[in-house]
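Quick one: structure below, then a few questions.
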Amino acid sequence: MNTDVLVIGTGISGLSYAIKLSKLSPTTKITLICKEDLMEGNTRYAQGGIAAVYNFEKDSFKKHIEDTYIAGDSEGDLDVIDFVVKEGTDRVNELMQWGTAFDTKKTKEFDLVREGGHSENRILHYKDHSGSEIQRALINKVKAIDTIEYLENHILVDLITDHHTKTEHKRCYGAYIISTLDQEIITIASKLTIVTTGGVGQLYEFTTNPRVATGDGLGAAYRAKVKIKNLPYIQFHPTALHPKINGDTFLITEAVRGSGGVLKNLSGEQFMSNYDARKELAPRDIVSRAIAEELLSRKENHVLLDATGIEKDEFLSHFPMIHETCISIGIDPMKEGIPVVPAAHYSCGGIEVDSNGESSLKGLFAIGECSHTGLHGANRLASNSLLEAIVYAHRAAVFSANSLNKPILDNSFYNNIPDWDGQEYSSDLKLDKTQKLFSNLQQIMSEKAGIFKTNKGLKEASIELNLLYTETLDLYQKNKLTPQLCELRNMVSVAYLLINQALEIKENKGVFYNNDYA
Ligand SMILES: Cc1cc2nc3c(=O)[nH]c(=O)nc-3n(C[C@H](O)[C@H](O)[C@H](O)COP(=O)(O)OP(=O)(O)OC[C@H]3O[C@@H](n4cnc5c(N)ncnc54)[C@H](O)[C@@H]3O)c2cc1C
């Protein structure tokens with residue numbers, strides 16, 4: 001299959017890139033692929049909203065820039081922070097032109113709210129499900145554009161590079177893709193390839209990320225020798241509902257703490273004042289570490305988020321989905337504490353890209369959570385990730401439109417890309433085998449590369465992951481390729497890279513915490 005541009009992933013990054021490129025370059029053929037349906041990915045679960053400067057009387061770009069830089073523990077790239085914040089307002093306006101709704105007050109002004117680390121109210125939101133509103137609008141828009149086609153239930157296997165074509169153009173030429181329905185592997189040749197595969201939360205036992213978040217884009221980029229940066233900067237969200245529901249972890253937004261929810265241990269004692277003067281409103285990394293410390297010292301498996309002090313009407317109007325979810329598992333948040341644990345939430349690092357979203361391999365772009373732009377530094381400011389995605393989607397689309405106007409390689413080159421070299425396989429892989437290795441990996445990462453790390457633990461994890469890698473490689477060489485095996489292969493590579501990058505970090509910064517440097 002040939003296309004001009006292949007976009008791998010259909011969250012806010014992939015969809016907004018495709019919409020923008022189709023406007024700039026109306027004859028360009030764009031192919032989107034996604035693992036499950038168009039809706040599934042981290043974007044649809046975003047609750048808080050999107051940060052942008054709208055109230056110019058009180059707020060300013062300067063304040064948002066400062067807040068972002070401070071949250072990132074002074075590790076962010078100031079040039080990147082500057083343009084993301086300044087271009088952000090126009091991009092959010094575009095989201096609205098494309099059909100996204102954000103809550104307004106009776107005065108018709110936006111109902112801007114504040115989250116941890118922001119010095120002003122600047123989060124636009126749609127109730128407590130901003131992400132699904134954005135996805136809904138973008139999907140509708142994409143479906144109405146003739147030049148965009150999409151393939152659901154298709155998974156990236158590998159990026160096509162000189163290694164496959166036996167050439168030396170030093171570019172990316174598309175990707176091999178497996179269908180989850182019939183497990184057929186197809187070749188999609190493309191002039192430009194855009195990876196927007198989202199987060200890596202599934203590396204951990206508790207994560208707010210959905211099951212599709214297995215770091216596939218990163219795994220494929222790693223195999224293609226593309227530069228990847230800052231993987232150990234994983235942000236843990238302090239409050240995910242415990243236990244899981246049908247195997248998935250549900251996020252309780254920090255806005256609940258912002259509205260007066262307090263954290264208590266199982267003896268009913270508030271504990272945040274022992275850790276930080278800002279108590280429940282301290283930054284996420286501090287609250288997550290405080291909860292983790294309480295759990296370790298008290299040998300308990302969750303703490304309680306007590307929201308009973310919030311007026312019922314206020315809770316129901318701001319947090320309808322949280323209320324409904326708690327009730328569905330027999331917890332009434334208006335009468336009792338909500339059981340919560342910290343959970344892996346956001347990857348601040350990823351595929352290193354320039355200011356147009358292009359990676360170290362020409363023709364390969366990364367946008368959104370799978371990328372490392374320099375915006376977040378060592379810690380992401382709440383609600384800045386959706387913003388980063390739309391700003392970089394725009395920039396990458398403008399750059400792509402210009403690139404496509406110039407000759408890249410002859411069409412004959414793309415027509416002659418070899419198909420996937422399917423190995424002979426000798427045994428039939430059982431699903432429970434990959435699941436077992438998947439669980440092993442989550443356990444290693446949760447125990448040794450979670451909120452608290454030590455050099456000893458990281459070294460042990462590196463050895464254990466090496467063994468897991470050998471086992472996975474063995475499965476990969478002997479068995480027919482399956483979507484689960486693709487995911488496992490990616491997760492093991494990403495975990496291994498994360499651990500080895502973590503061993504190179506010699507000081508605690510932002511979300512990264514190694515007890516040996518405390
Ligand atoms: C619970 C939760 C709440 C959040 N709240 C906020 C918030 O309030 N504000 C904020 O700014 N950020 C928030 N975030 C973070 C933010 O939602 C994400 O960073 C952002 O949505 C990522 O968008 P994306 O387009 O990069 O990736 P995603 O939306 O994750 O999309 C990834 C896409 O890639 C596809 N994909 C993955 N692997 C493959 C593969 N191998 N082959 C093909 N397709 C693949 C998936 O199917 C999906 O379509 C939250 C995240 C979570 C999980």
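The values are calculated or read from the model by the stated rules, or taken from the named source; none is laboratory data. Note that this is a predicted model, so its numbers are computed, not measured. Reconstructed Cβ throughout: ideal geometry from the backbone, glycine too, with neighbour counts over all protein chains shown. The protein model used for the area step is the full one, side chains on, heavy atoms only, and it has no ligands, DNA or RNA in it. Shrake-Rupley method; radii C 1.70, N 1.55, O 1.52, S 1.80 Å.
What does the convex hull of the Cα atoms come to per residue for the stretch 431-517, in Å³?
For the stretch 431-517, the hull spanned by Cα atoms encloses 79 Å³ per residue.
Would you mind estimating how fast the chain diffuses translationally, via Stokes-Einstein at 37 °C and 0.692 mPa s with the Kirkwood radius over Cα pairs, in µm²/s?
Values: Rh = 23.3 Å.
The calculation lands on 141 µm²/s.
Can you compute the charge dipole magnitude of the stretch 240-341 about its Cα centre, using +1 on each Lys and Arg Cβ and -1 on each Asp and Glu Cβ, nothing else charged? Give it in debye, rounded to the nearest 20.
The dipole of the stretch 240-341 has a size of about 260 debye.
Just grab the label-to-label distance for LYS62 and GLU36, each label 7 Å out from Cα along the Cβ direction, in nm (one decimal).
Going by the 7 Å Cα→Cβ label model, 4.6 nm.
For q values of 0.17, 0.23 Å⁻¹, compute log₁₀ I(q)/I(0) with the Debye formula on a Cα-only model of the stretch 78-157, without solvent.
Treating every Cα as an identical point scatterer, log10 I(q)/I(0) equals -0.88, -1.18.
Further, regarding this structure: Find how much the distance from ASN415 to LEU467 grows on full extension, using 0.36 nm per residue of separation minus their present alpha carbon separation; answer in nm with one decimal.
14.8 nm
Rank by packing, highest mean first: peptides 248-254, 386-392, with packing defined as the count of other Cβ atoms within 10 Å averaged across residues.
Descending packing order for the listed peptides: 386-392, 248-254.
Okay, moving on. In whole Å, what three semi-axes, largest first, describe the equivalent ellipsoid of the stretch 215-261 built from its Cα gyration tensor (square root of 5 times each eigenvalue)?
32, 15, 7
Another question, then. Tell me the carbon and sulfur percent of the accessible area for the stretch 431-517, rounded to whole percent, probe radius 1.4 Å. Provide the component values of the computation, followed by the final result.
Numbers: 2000 of 3790 Å².
Summing carbon and sulfur atoms, their accessible area is 53 percent of the total for the stretch 431-517.
Rank LEU441, LEU361 by accessible area, highest first, at a 1.4 Å probe radius?
Ranked list, largest accessible area first: LEU361, LEU441.
Still on this model: Roughly speaking, what is the stretch gain from LEU151 to LYS170, that is 0.36 nm per residue apart minus the C-alpha to C-alpha distance, in nm to one decimal?
Values: separation 19, 0.36 × 19 = 6.84 nm, distance 2.73 nm.
Difference between extended and current length: 4.1 nm.
Could you do me a favour and compute the accessible area per residue for the chain, 1.4 Å probe, result in Å²?
Details: 21120 Å² over 518 residues.
Using a 1.4 Å probe on heavy atoms only, each residue of the chain averages 41 Å².
Between the DSSP loop rule and a limit of at most 12 other Cβ atoms within 10 Å, which trypsin sites (Lys or Arg not before Pro) in the stretch 65-126 are left?
Listed in order of number, the matching sites are LYS105, LYS106, LYS108.
A further question on this structure: How high is the FRET efficiency from LEU316 to ASN515, r the C-beta distance, R0 35 Å, rounded to 0.05?
0.25
Per 0.36 nm of contour for each residue apart, how much would the distance between GLU507 and THR107 grow if the chain were fully extended, relative to their Cα-Cα spacing?
Net length gain for the segment: 139.2 nm.
Moving to a separate point now. Restrict the search to the stretch 13-85; then list the GluC sites (Glu not before Pro) that DSSP places in a loop and that have at most 12 other Cβ atoms within 10 Å of their Cβ. Provide the component values of the computation, followed by the final result.
Numbers: sites: GLU36, GLU40, GLU57, GLU66, GLU75; in loops: GLU36, GLU40, GLU57, GLU75.
Counting only loop positions with at most 12 other Cβ atoms within 10 Å, the GluC sites (Glu not before Pro) in the stretch 13-85 are GLU57.
Here is a follow-up. By what distance, in whole Å, do the Cα atoms of the stretch 216-300 stretch along each of the three principal axes, largest value first?
Cα extents, longest axis first: 51, 33, 28 Å.
What part of the accessible area of the stretch 187-339, given as a whole %, is carbon or sulfur when the probe is 1.4 angstrom?
Exposed carbon and sulfur together represent 49 percent of the surface.
Just to be sure I understand the model, the point goes 7 Å from the Cα along the line to the Cβ. What's the resulting THR27 to LYS436 distance in nm?
5.7
Are there GluC sites (Glu not before Pro) in the stretch 303-345 that DSSP marks as loop and that have at most 12 other Cβ atoms within 10 Å, and which are they?
Listed in order of number, the matching sites are GLU311.
Right, another one. Order 198-207, 151-160 from most to least packed using the mean count of other Cβ atoms within 10 Å.
198-207, 151-160
Excluding residues fewer than 8 places away in the same chain, name every one of the lysines whose C-alpha is closer than 18 Å to that of LYS459.
LYS448, LYS506
Something else: Can you tell me the FRET efficiency between GLU336 and SER273 if r is taken as the Cβ-Cβ distance and R0 is 30 Å, rounded to the nearest 0.05?
E between GLU336 and SER273, to the nearest 0.05, is 0.85.
Taking 8 Å as the Cα distance limit and 6 or more residues as the minimum spacing, I'd like the relative contact order of the chain as a percentage.
RCO, the chain: 21 percent.
Continuing with the same structure: How big is the Cα convex hull of the stretch 240-341 in projection, averaged over all directions, in nm²?
Its average projected convex-hull area is 6.2 nm².
Now, a different point. Direction-averaged shadow area of the convex hull around the Cα atoms of the stretch 332-429, nm²? Before the final figure, lay out the partial values.
On the way: hull surface 51.6 nm².
For the Cα atoms of the stretch 332-429, the hull's average projected area reads 12.9 nm².
Dividing the alpha-carbon Rg of the stretch 98-256 by 2.2 N^0.38 Å yields what?
1.31
Could the peptides 457-464, 302-309 be put in order, highest first, of the mean number of other beta-carbon atoms found within 10 Å of their residues?
By packing density, highest mean first, the sequence is 302-309, 457-464.
Set the Förster radius R0 to 30 Å, insert the Cβ-Cβ distance between LYS244 and SER179 as r into 1/(1 + (r/R0)^6), and round the FRET efficiency to 0.05.
E between LYS244 and SER179, to the nearest 0.05, is 0.55.
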